[in-house]
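The structure under discussion appears below in the form of structure tokens.
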């Protein structure tokens, strides 16, 4: 992880970074070790503390999330279940067509990446507020997607 390299170069501890970024040190360590999601707001605060562009600092994580999410999208699209289980297939196809990971799409649309992923894997359902954010981001009518 690039973050660890930068901390080592700057002789900065994880604890000091966490306190500077306003993140619980235990939570930051868990995020760095992959035991907890590295939330977008944390990424922004860490990048600001280090005076580094967030996309550059977390490029490796974005790439890893993109690959795993593409596999998840493909799994959902290729799953031969009935239409009820694919109620968001139109949205999945848009993501696939635009070559967007679920994570990147959620960040761009300003919605929770974790919740977006759970919805796309049919674990929960979208709220109306989130449907509006998604349709606004894509510049399409909500009924054309959902």
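For the reader, a short list of remarks on this structure follows.
- Positions within segment 40-53 being in contact with a helix residue (DSSP H, G or I) (Cβ under 8 Å, 6 or more places away or on another chain) and without any contact (Cβ under 8 Å) to a residue 60 or more places away in the chain, in sequence order: 42, 43, 44, 45, 46, 47, 48, 49, 50, 52, 53
- Selection from segment 18-35 of residues that are assigned to a helix (DSSP H, G or I) and in contact with a helix residue (DSSP H, G or I) (Cβ under 6 Å, 6 or more places away or on another chain): 18, 20, 21, 25, 28, 29
- Of all residues in segment 110-129, those satisfying the criterion of being assigned to a helix (DSSP H, G or I), in contact (Cβ under 8 Å) with a residue 12 or more places away in the chain and surrounded by fewer than 18 Cβ atoms within 10 Å (Cβ to Cβ) are 114, 115.
- Hits in segment 1-17 (condition: free of Cβ contacts under 8 Å to residues at least 40 places away in the same chain, assigned to a loop (DSSP other than H, G, I, E, B) and either loosely packed, with under 14 Cβ neighbours inside 10 Å or under 22 Å from the mean Cα position of the chain (by Cα) (or both)): 11, 13
- Selection status of residue 107, at pLDDT 80 or above, within 20 Å of residue 37 (Cα to Cα) and either assigned by TED's automatic domain parsing to the domain that holds residue 40 or in a loop (DSSP other than H, G, I, E, B) (or both): no
- Candidate set from segment 55-68 (those that are surrounded by 12 or more Cβ atoms within 10 Å (Cβ to Cβ) and under 13 Å from residue 6 (Cα atoms)); member that is modelled with the lowest pLDDT: 58
The values are calculated or read from the model by the stated rules, or taken from the named source; none is laboratory data. These numbers were taken from a predicted model, which means no experiment stands behind them. Ideal geometry is used to build each Cβ from the backbone, glycine not excepted, and the neighbour counts take in all protein chains shown.
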